[in-house]
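So the structure is just underneath, and the comments pick up after that.
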């Protein structure tokens, strides 16, 4: 009976490969969690609420937006709407990963959707796209997602407990940008992907004034479109 | 009472976040199934990440900051160089932080 729930060799190796893929990113995630803990407290959230937000919301940038709006006594509907718009990029992740998860039972879809953060998605995407088709490959995404989840909870707790002792001069918040830089460079292997990144960066800078961080979506959309249109510049281009 | 308010607000934000992440995982059959659209999705990681990073490096408090005093720009460029040559996440994050600390100490 319990055999069903026991990870087979495939599942276990996929899971561990996911954990390994996520592990180096934690160097950037831990300082981010510590800083969020401090930020939540200074925005006036009780410590338990700061820790609870890491499992209820589970998204660094959305949690920071939540703390800022809570501190500014923003009406609830505005807060929820703003967090939603800030998070819309996750719909792109959802779309990109959907075809690989479409045959899974619902409990898996719900669990993996909950765990679908920037870092978990980007770390797992190469496995889905370039790795072998296997009935156990969703365990890889579970590995990246649950690793990030567990460490994020601990880092937030650490931030609430000891974060105030970290001098602001250490600029630990920069670790988030550095994590994304590492992920960006690793996600670029074709010329068209590089061009997509440049176009997205340019549009992000030009449209930065848009409210509710809508420039993220605009820039991402422009970059994706540019990537597809410029595919012919890829070396040895052999796509359809 | 204010305790319930914050829990409710967080739960609502968590729900909307979860639903956005679930959107196409749940509704995969509504996604166009043509190769062009699939190709578009290939560019999600580089496009989203570049969009998130660019303002972090090139702007300070909503204004363009291209001067020598924008230490994060130089630390970020150093991190990009390390990432390109070593293709290693740990080294990239560590190098970027170290360069930023070094510049802060020098300036």
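Every number here is computed from the coordinates shown, using simple stated rules; none is lab data. Quick caveat, the model's predicted, so the values are computed rather than measured. Virtual Cβ from ideal backbone geometry, glycine too; neighbours counted across all protein chains shown.
Between residue A:111 and residue A:88, the distance separating the two model label sites (each 7 Å from Cα on the Cα→Cβ line) works out to 3.2 nm. Shape of chain A from the C-alpha gyration tensor: oblate (a/c of 1.5 or more and a/b not above b/c, with a ≥ b ≥ c the square roots of its eigenvalues).
Estimated from helical segments only, the mean residue ellipticity of chain A at 222 nm is -23000 deg cm²/dmol, where each DSSP H run of four or more residues counts as -39500 (n - 2.57). Taking each residue as 0.36 nm, the span from residue A:10 to residue A:103 lengthens on full extension beyond its C-alpha to C-alpha distance by 31.7 nm. Per-residue packing, averaged as other Cβ atoms within 10 Å, sorts the ranges B:87-95, A:216-224 into the order A:216-224, B:87-95, beginning with the highest.
Partner chain Cβ atoms within 10 Å, averaged over the residues of A:159-172 - can you pull that number for me?
Values: counts 0, 0, 0, 0, 0, 0, 0, 0, 0, 0, 3, 4, 7, 1.
So the per-residue partner count for this stretch is 1.
Kindly state, as a whole number, the per residue volume in cubic angstrom of the convex hull around the alpha carbon atoms of segment A:123-240. It would help to have the intermediate numbers written out before the result.
On the way: hull volume 18.4 nm³, N = 118.
About 156 Å³ per residue, rounded to a whole number.
For segment A:48-186, relative contact order (Cα pairs under 8 Å, six or more residues apart, normalised by length) works out to 28 percent. For chain B, the longest principal axis of the C-alpha atoms and the axis of helix B:71-86 are separated by about 80°.
Have a look at A:16, A:183, A:205 and tell me which one the Gaussian network model of chain A (Cα, springs below 10 Å) gives the largest fluctuation. Of A:16, A:183, A:205, the Gaussian network model singles out A:205 as fluctuating most.
Quick one: grab the alpha carbon gyration tensor of chain B, order the square roots of its eigenvalues as a ≥ b ≥ c, and give me rounded if a/c is under 1.5, else prolate or oblate depending on whether a/b is larger than b/c.
Working: a/c = 2.54, a/b = 1.39, b/c = 1.82.
Here chain B falls in the oblate category.
Modelled spin labels at residue B:5 and residue A:68, positioned 7 Å past Cα toward Cβ, are 2.1 nm from each other. Classification of segment A:119-177 by its C-alpha gyration tensor yields an oblate form. The axis ratio a/c (a ≥ b ≥ c) is 1.5 or more, and b/c is at least a/b. The modelled label-to-label distance between residue A:135 and residue A:189, using points 7 Å beyond Cα along the C-beta direction, is 2.7 nm.
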